[in-house]
Amino acid sequence: MNEKRQDYLTWDEYFMGVAKMSAMRSKDPNTQVGACIVSEDNKILSMGYNGFPTGCSDDDFPWAREGDDPLKTKYFYAAHSELNAILNYRGGSLEGAKIYVTLFPCNECAKAIIQAGIRTVIYDSDKYADQPATVASRRMFNAAGVRYYHYTSSGRRVELEL
């Protein structure tokens, strides 16, 4: 056969797949989020998932979402996938890059994305669309000229044996 195969992954499928695989590394019992940063010429630059900083044991810090004492919840300790992906990058500038993320970025991650020079955000879930943090993200992205769009799933299933 002299023709290329037709059922290969699109770039969006490929990079969102990498973000979803990254999310599977998260030990958070409630929400697993993954991110994949990609260059303008479609090279993977970095990946990240939500979790605690290096040196902060997953066994010693809390995973709770709620509690009377905020120091006994995860929110003061966990780093989001987008921030981890930005901080994990060791190659210099992220100017002009794209980030694929399984959940629309919060306002804190939006600030980091903008400051890092990332110009496009491709997201899967937007389950917190009406929350103030997400509304603020959209405002900042719009003001800074960061393009964002929802990933359109092809519905294709990919199975890996690991």
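The values are calculated or read from the model by the stated rules, or taken from the named source; none is laboratory data. Everything numeric here is computed off the predicted structure, so don't read it as measured data. Glycine also receives a Cβ, built like all others from the backbone with ideal geometry; neighbour counts cover every protein chain displayed. These area figures cover heavy atoms from the full protein model, side chains too; ligands, DNA and RNA do not enter into them. Shrake-Rupley method; radii C 1.70, N 1.55, O 1.52, S 1.80 Å.
Counting Lys and Arg as +1 and Asp and Glu as -1 over every other residue whose Cβ lies under 13 Å from the Cβ of residue 64, the net charge comes to -1. Restriction of the GluC sites (Glu not before Pro) in region 1-79 to DSSP coil positions whose beta-carbon has at most 13 other beta-carbons within 10 angstrom yields 3, 40, 66. As a fraction of the 1.4 Å probe accessible area of the chain, surface on carbon and sulfur atoms comes out at 50 percent.
Here the chain carries DSSP beta bridges of which approximately 55% are antiparallel, counting only pairs with both residues inside. What separates the Cα centres of region 137-162 and region 40-106 is a distance of 17 Å. Rolling a 1.4 angstrom probe over the protein heavy atoms with all chains in place gives the chain an accessible area of 63 Å² per residue.
When volume of the Cα convex hull per residue in Å³ is calculated for this entry, the matching label among (1) 247; (2) 104; (3) 151 is (3). Qualifying trypsin sites (Lys or Arg not before Pro) in region 89-134, where qualification requires a DSSP coil assignment and no more than 15 other C-beta atoms within 10 Å, comprise 90, 127. Charge dipole (Cα centre; +1 on Lys/Arg Cβ, -1 on Asp/Glu Cβ; no other charges) of the chain amounts to roughly 400 debye. With only the Cα atoms considered, region 1-71 has a convex hull volume of 144 Å³ per residue.
Here the relative contact order of the chain, from alpha carbon pairs under 8 Å that lie six or more residues apart, stands at 19 percent.
Applying the Karplus relation 6.51 cos²θ - 1.76 cosθ + 1.60 with θ = phi - 60° to region 72-83 yields 3J(HN,Hα) values of 9, 10, 6, 5, 7, 10, 6, 9, 6, 4, 5, 5 Hz, where x marks Gly and Pro. For the set 4/127; 72/98; 43/72; 20/74; 4/27, the pairs lying more than 32 angstrom apart at their alpha carbons are 4/127; 72/98; 43/72; 4/27. Kirkwood Rh over Cα pairs of region 120-162 into Stokes-Einstein at 25 °C, 0.890 mPa s: D in µm²/s? After rounding, the answer is 198 µm²/s. Of 11, 153, 34, whose Cα points farthest to the positive end of the dipole of the chain (charges on the beta-carbon: +1 Lys, Arg; -1 Asp, Glu; origin at the Cα centre)? The one lying farthest along the dipole's positive direction is 11.
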